[in-house]
1. Using 1/(1 + (r/R0)^6) with R0 = 56 angstrom and r between the beta carbons of Ala569 and Ile435, what's the FRET efficiency to the nearest 0.05?
2. In square angstrom, rounded to the nearest 10, how much accessible surface does Lys400 have for a 1.4 Å probe?
3. What's the angle, to the nearest 10 degrees (0 to 90), between helix 321-331's Cα axis and the longest principal axis of the chain?
4. How high is the relative contact order of the chain, in percent, with contacts defined as C-alpha pairs under 8 Å that are six or more residues apart?
5. What do you reckon, how do Phe334, Phe162 stack up by accessible area (1.4 Å probe), largest on top?
6. Using a 1.4 angstrom probe and counting only protein chains, how large is the accessible area of Ser383 in Å², to 10?
7. Please list, by residue number, every one of the trypsin sites (Lys or Arg not before Pro) in the range 330-368 that is coil in DSSP and has at most 12 other beta-carbon atoms within 10 Å.
8. Nearest 0.05, what FRET efficiency do Lys400 and Ala156 give at R0 = 51 Å with Cβ-Cβ as r?
Amino acid sequence: MAEKEKFYITTPIYYPSGKWHLGHCYTTVYGDAVARFKRMEGYDVFYLTGTDEHGQKIEKRAAAAGVSPKQFVDGLVAEIKELWNALDISYDKFIRTTDDYHVAAVQKIFKRLYEQGDVYKAKYKGKYCTPCEAFWTETQLKDGKCPDCGREVQDAEEESYFFRLSKYAPRVRELLTQTDFLQPESRVAEMVNNFIDAGLEDLAVSRTSFKWGVPVEFDKGHIVYVWVDALSNYITALGYNPESKELSPQMKKYWSADLHLMAKEIVRFHSIIWPAILMALQLPLPKKVVAHGWLQFNGDKMSKSKGNVVDPFELLPRFGKDSLRYYLLRAMPFGADGAFTAETFLTRINADLCNDLGNLVRRTVKMNEQYFSGKIAEGKAESDDLPLIAQMNALYGEVKAAMNEYKPQVALEKIFDLVGAANKYIDLTKPWVLIKEGKTERLGEVLYVLTEAIRITGVLLAPFIPETAGKVLDNLKLKAPSSFDGLEYGNVKSYETVALDALFPRLDVKKELAEFEKSGEKEDGKAKSKADKQNKEKKEDKKEMSEENGLITIDEFFRTQLRVAEVIACEKVEKADKLLKLTLKVGEETRTVVSGIAKHYTPEQMVGKRVVLVANLKPRAMRGIESQGMILCASEGDKLVLVTPESAIASGAEVC
Ligand code: ME8
């Protein structure tokens, strides 16, 4: 037997730093649908997911929680595994960057890159705060002093390891521009213009300011940069060992990756840094990087740090895994953002799963049972049947084409087109009239056509909503499919169907919405009481801080997230002579901010400027425009000037 073709697919490895949310579920369910689809197509699939557990952020969170970093991540890793289980995620391996084999392999990768000259040690100049043992760049200082403790800093030089990213810039550029490596294509220009052509500098790939990471084996004070550690997971999971002359069996079999799946904010790491590392290791490059959009909630990216997350653990027991899977896969157009709202979620489940699919199955098998004791066999086809039969026969090709482009949303749209057409076919052929008129033979023919439509739908739904697909096929007494073989119309000549329970109970939208509201309030309440508790603790800790002198602690200061933002568009707000509407690029994100600076700056003067944005301010509507933050200015009497970074720095950079 010919060996199966392989297919290696990965999700990002997620940071276990807070609550898991629907955004993480989106990528993982998406990857799962692709993995299951490929398996049914006969591929030998390896689906990898996992957690990215090192770094300063996790170190700090663990310290705040009073536990070790490993204890801190262990709990969250157990939770995410539970989540993937509850969502029927068919991953083949779960990697943790704290796994011993991964740590050892990362150390060897780093050593090899160093020995062959792709990683080198160099000094960069900066400022050092002795009491804090912290190294700061000029731009990180606050009023020329240590941003942590406010004390004087000294000139110092620190040694860091650098990866020769610049050396690989021409080859990475070629990869991005000459192949279809990165999808959607709109991301290519962004990568090439903003990062490669803007000048790709060598990358600092070691840190000495914290401990929670992979130590550089030959220079223990240094920790491997978390992204080098994290990206390597895609090969360490397959047993990659740079010291061995032969590739491991799994590397031989599965590398290179056929698909790295992720959201848009980490495309730069996967489409520039990762290929360059692989080039240096002389390994084949991944075939495709696909960046999907963000699932948004309350008008913003769902994110742990913003706290606007939808908790899948709450939705799962209420609506079941396939409602969530279906919604996630169906709701987001390829590459674009999509908003989660309770209303669209409930409406979609009712309309597509309960009404269209549920009714088609129920109506058909009930009639099969009532008029033919469930026994249905192929009859002749009449002209009324032909369009639906043609649609059934075309469907696999269409779904396959969509999935070859990794577009599950389009695939599901096609499948539900067939469901819709089958329901219309019932209206067209009017089985109830056939019964009344005693046309039993024709009724049997019609019900066979419908039963075949249900079979084809059930099989094609299996990669997307496996539990429901199984239930659909249970009604036809067919097993859950392991391939797409025999999908053409007429392949099953006779059936003995059985009417089972409804697939999806109809949701009472009003009642469910009220529940959503209640749980939202509960969450707000939880957040508030958590914040209250933290504030109380902080207040107790800082008794020495007198309220009269208005001093705040460093922790209080750091609750304000300040970021460098670039003004990419600007216009006057109609009928408001003080207001300008700014469009800001903050790293990968775009924000709209309304600012009262129109008397001091014209829109033309603003475009291209880098400003400082208060990034975690609650959005608020100003003249009907949602303002998502505030930019900083300095004022003296009537004079007002923007606060801007003193020299060139990337948008998105933290101001601290
Ligand atoms: O970036 N909408 O981890 P992370 C859609 N550890 N997808 C979302 C999302 C949202 N609102 N929020 C998160 C990291 N995601 C690194 C990755 S890989 C070598 C290292 C998904 O926990 C999406 O896939 O911040 C996004 O790229 C990823 O979670 C970021 O996860």
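1. Given R0 = 56 Å and the Cβ-Cβ separation, E is 0.30.
2. Probe radius 1.4 Å; accessible area of Lys400 about 70 Å².
3. 70 degrees
4. Values: 1037 pairs, mean separation 77.3, N = 656.
Computed value for the chain: 12 percent relative contact order.
5. Most to least solvent-accessible, the answer reads Phe334, Phe162.
6. 90 Å²
7. Working: sites: Arg330, Arg348, Arg362, Arg363, Lys366; in loops: none.
Hits after loop and neighbour filter: nothing returned.
8. The formula returns an efficiency of 0.30 here.
The values are calculated or read from the model by the stated rules, or taken from the named source; none is laboratory data. Keep in mind the model is a prediction, meaning the values are calculated, not measured. Cβ atoms come from the backbone with ideal geometry, glycine included; neighbour counts cover every protein chain shown. Note: areas computed on protein heavy atoms with side chains; ligands, DNA, RNA excluded. Shrake-Rupley method; radii C 1.70, N 1.55, O 1.52, S 1.80 Å.
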